[in-house]
Amino acid sequence: MNIIIFGPPGVGKGTQANRLKERYNLLHLSTGDALRGEVKKGTELGLKAKEAMDKGRLVSDDIVVGIVVNAIGNVEDANGVMLDGFPRNISQAVTLDKVMEEKDLKIDYVISLEADRDIILKRLSGRRSCKDCGKDYNIFFSPPKVEGKCDECDGEIIGRSDDTEEVHLDRLKVYENQTESLKSYYREKGLLYKIDGMATVNEVFTNINKVLDGK
Ligand code: AP5
């Protein structure tokens, strides 16, 4: 089973993907995480990507497609791949179709998480994680027990460099202008499943499970 977790920044794609990969044994490919990894390592690719990411713009297709193509060939023991944050424009979606076809694979489900703008902005502004172990927190919805300290390892709780109010608005604009239209692309292929992303994390997970278990 190969799936795409789709939706605007902050809707909960990463949160759900982390649970889904365990339940369905899927290879989780987050282009955002992969790019942040390159930035952290200080690679040439990371330096190129950082400039766009810090402004909330899309990183160039050739960089992102390269990451995805390499990973799709690497599913190993997993039951399939789960794409999170890819594709983000029509050109990426068409390339993905070609790559999947060449490997005799197909996308089975596109899970579209939907939420109102004010909820999304609140979630993004509250998002934090542990600098050392990476555990996720949200100061509004799932805060650490002691402010600024990780419950698991006592590490420092930090925000993402693109989680500023100005960049949130730019990222939402990029989503509306370049990414949202992909919903029609996948609806026409009969692959789009809309899920209410405003419910609790557990409820959203249950509703995605119903879709994935039902086909
Ligand atoms: P990326 O990392 O993919 O960011 P994004 O798509 O903007 O999504 P986010 O990670 O911000 O949000 P999310 O939907 O995963 O929400 P989360 O689960 O964290 O991309 C970053 C950048 O990389 C892009 O701007 C671009 O520059 C570049 N890039 C990436 N892919 C690219 C591509 N294909 N092409 C070109 N460039 C690309 O949840 C958010 C918060 O809400 C968390 O704190 C969470 O705890 C909380 N939360 C989640 N669900 C709930 C819930 N149900 N109730 C309460 N709180 C919740």
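The values are calculated or read from the model by the stated rules, or taken from the named source; none is laboratory data. None of the values given here were measured: they were computed from a predicted structure. With ideal geometry, Cβ positions are generated from the backbone for all residues, glycine too; neighbour counts draw on all protein chains shown. Surface areas here come from the heavy atoms of the whole protein model, side chains and all, with no ligands, DNA or RNA. Shrake-Rupley method; radii C 1.70, N 1.55, O 1.52, S 1.80 Å.
Round to the nearest 10 and give me the degree value, 0 to 90, for the angle of helix 117-126's Cα axis relative to the longest principal axis of the chain.
Compared with the principal axis, the helix lies near 50 degrees.
Between helix 90-102 and the chain, what is the angle of the helix's C-alpha long axis to the longest principal axis, kept within 0 to 90° and rounded to the nearest 10?
Once rounded, one gets 60 degrees.
Using +1 on the beta carbon of Lys and Arg, -1 on that of Asp and Glu, and nothing else charged, what's the dipole of the range 151-193 about the Cα centre, debye to 20?
In total the dipole reaches around 640 debye.
Dividing the convex hull volume of the Cα atoms of the range 1-65 by its residue count, what figure in Å³ per residue is obtained?
Hull volume normalised by residue count: 100 Å³.
Based on alpha-carbon atoms only, what is the radius of gyration of the range 128-179 relative to the globular estimate 2.2 N^0.38 Å?
1.38
Given charges of +1 on the Cβ of Lys and Arg and -1 on the Cβ of Asp and Glu, with all other atoms neutral, how large is the dipole of the chain about its Cα centre, in debye to the nearest 20?
220 debye
In whole angstrom, how far apart do the alpha carbon centroids of the range 167-215 and the range 78-98 sit?
14 Å
Longer than 25 Å from Cα to Cα, which of 135/194; 41/135; 50/173 are they? Say none if no pair is.
135/194
May I ask for the Kirkwood hydrodynamic radius of the range 142-215, worked out over all distinct Cα pairs and given in angstroms to one decimal?
16.0 Å
Could you identify which residue out of 179, 200, 164 has the top mean-square fluctuation in a GNM of the chain using Cα springs shorter than 10 Å?
Maximum fluctuation in the GNM of the chain, among the listed residues, is at 200.
May I ask for the angle, rounded to the nearest 10°, between helix 13-24 and the longest principal axis of the chain, with both axes built from Cα atoms and the value confined to 0 to 90°?
60 degrees
In the chain, what is the volume of the convex hull around the alpha carbon atoms, normalised per residue and reported in Å³?
126 Å³
On a full-extension model of 0.36 nm per residue, what is the gain between residue 140 and residue 170, subtracting their alpha-carbon distance, rounded to one decimal in nm?
This chain segment gains 8.6 nm when fully extended.
Which net charge results when you count Lys and Arg as +1 and Asp and Glu as -1 among the other residues whose beta-carbon is under 9 Å from that of residue 46?
+3
If you build a Gaussian network model of the chain, linking Cα atoms that sit under 10 Å apart, which residue out of 18, 70, 138 swings the most?
70
Hey, if we sort 53, 1, 82 by accessible area with the 1.4 Å probe, largest down, what's the order?
Sorted descending by solvent-accessible area, the residues read 1, 53, 82.
Loop sites only, by DSSP: take the GluC sites (Glu not before Pro) in the chain that have at most 10 other C-beta atoms within 10 Å and name the longest stretch containing none of them.
Within the chain, the longest run free of exposed GluC sites (Glu not before Pro) spans 1-75.
Calculate, for residue 153 and residue 1, the FRET efficiency according to 1/(1 + (r/R0)^6) with r their C-beta to C-beta distance and R0 30 Å; round to the nearest 0.05.
0.35
Give me the distance in nm between label points sitting 7 Å out from Cα along the Cα-to-Cβ direction at residue 180 and residue 74, one decimal.
With each label placed 7 Å out from Cα toward Cβ, I get 3.4 nm.
Share of the range 77-215's accessible area from carbon and sulfur, percent, 1.4 Å?
47 percent
With all protein chains present, calculate the accessible area of residue 185 using a 1.4 Å probe and round the result to the nearest 10 Å².
Counting only protein heavy atoms, residue 185 exposes about 50 Å² to solvent.
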